[in-house]
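The values are calculated or read from the model by the stated rules, or taken from the named source; none is laboratory data. Quick caveat, the model's predicted, so the values are computed rather than measured. Cβ placement follows ideal geometry from the backbone for every residue including glycine, while neighbour counts extend to all protein chains displayed.
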Amino acid sequence: MVIDLGANTVTLRSRGMVLKKWDVYRFKTWGKPIPEQAVKLLKKTALSMPKRANITPVQEETKKKRDETKDGFDLGTLELKDMPVHYNLVFEGNTRISVRPRTKRFWPSLLNIAKSVSWLTYLPLKTVWFSMKGKSFTQIELVMGSEKDAKGIYWSFFDGHETLIYR
């Protein structure tokens, strides 16, 4: 993954070839300068994390029953529609990226206003706390153009995935 804040894009690449590109509507940064090397994703956090279902081999009897009711069969796979739209990506080196979609509807707009207020109150307190401990951090907020883009980025990141972030 490459997050290019100068070009307002997030790209999924393999061997230099761009597989998928998402446009960033707006971004903000806070804290120490963005690291100049690839950083590993430690974890993804969201209020409603998608749950993977355990798929176990089925017995012959249940296989016959399933074949009889094929219309109601669900593989239990995670799809793009199952991904969260508001989440955080935590990288090594105290780098955190918060992703959210740009919204025009009323209730999601209220949530985005709350996140903006949090940006102005929580981050200064976190800066003071970290400086008292002699540590630093980087916080980046990406506002994506649509919910589909935000979900697509969540789906594309895996734990341990290396990401290059530059401005």
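Residue by residue, here is whether (1) over 16 Å from V24 (Cβ atoms); (2) in contact (Cβ under 8 Å) with a residue 40 or more places away in the chain holds:
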{"site": "K104", "(1), (2)": "yes, no"}
{"site": "I113", "(1), (2)": "yes, no"}
{"site": "L125", "(1), (2)": "yes, no"}
{"site": "M132", "(1), (2)": "yes, no"}
{"site": "Q139", "(1), (2)": "no, yes"}
{"site": "K148", "(1), (2)": "no, yes"}
{"site": "E162", "(1), (2)": "yes, yes"}
{"site": "Y166", "(1), (2)": "no, yes"}
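Could you tell me whether I153 is over 19 Å from K81 (Cβ atoms), touching a residue at least 24 places away in the same chain (Cβ under 8 Å) and under 16 Å from the mean Cα position of the chain (by Cα)?
no
Where residues in the range 95-117 are outside any loop (DSSP other than H, G, I, E, B) and among the hydroxyl-bearing types (S, T, Y), which of them is modelled with the lowest pLDDT?
The qualifying residue modelled with the lowest pLDDT is S109.
Which one is surrounded by the most Cβ atoms within 10 Å (Cβ to Cβ) among residues in the range 10-48 that are in a loop (DSSP other than H, G, I, E, B) and in contact with a Pro (Cβ under 9 Å, 6 or more places away or on another chain)?
Top of the filtered list is S48.
If I filter the range 118-131 for residues that are in contact with a Leu (Cβ under 8 Å, 6 or more places away or on another chain) and modelled with pLDDT of 85 or more, do I get at least one hit?
The answer is no, given that none of the residues of the range 118-131 is in contact with a Leu (Cβ under 8 Å, 6 or more places away or on another chain) and modelled with pLDDT of 85 or more.
Could you please give the count of residues in the range 144-163 that are part of a strand (DSSP E or B) and surrounded by fewer than 16 Cβ atoms within 10 Å (Cβ to Cβ)?
Adding up the residues that qualify gives 1.
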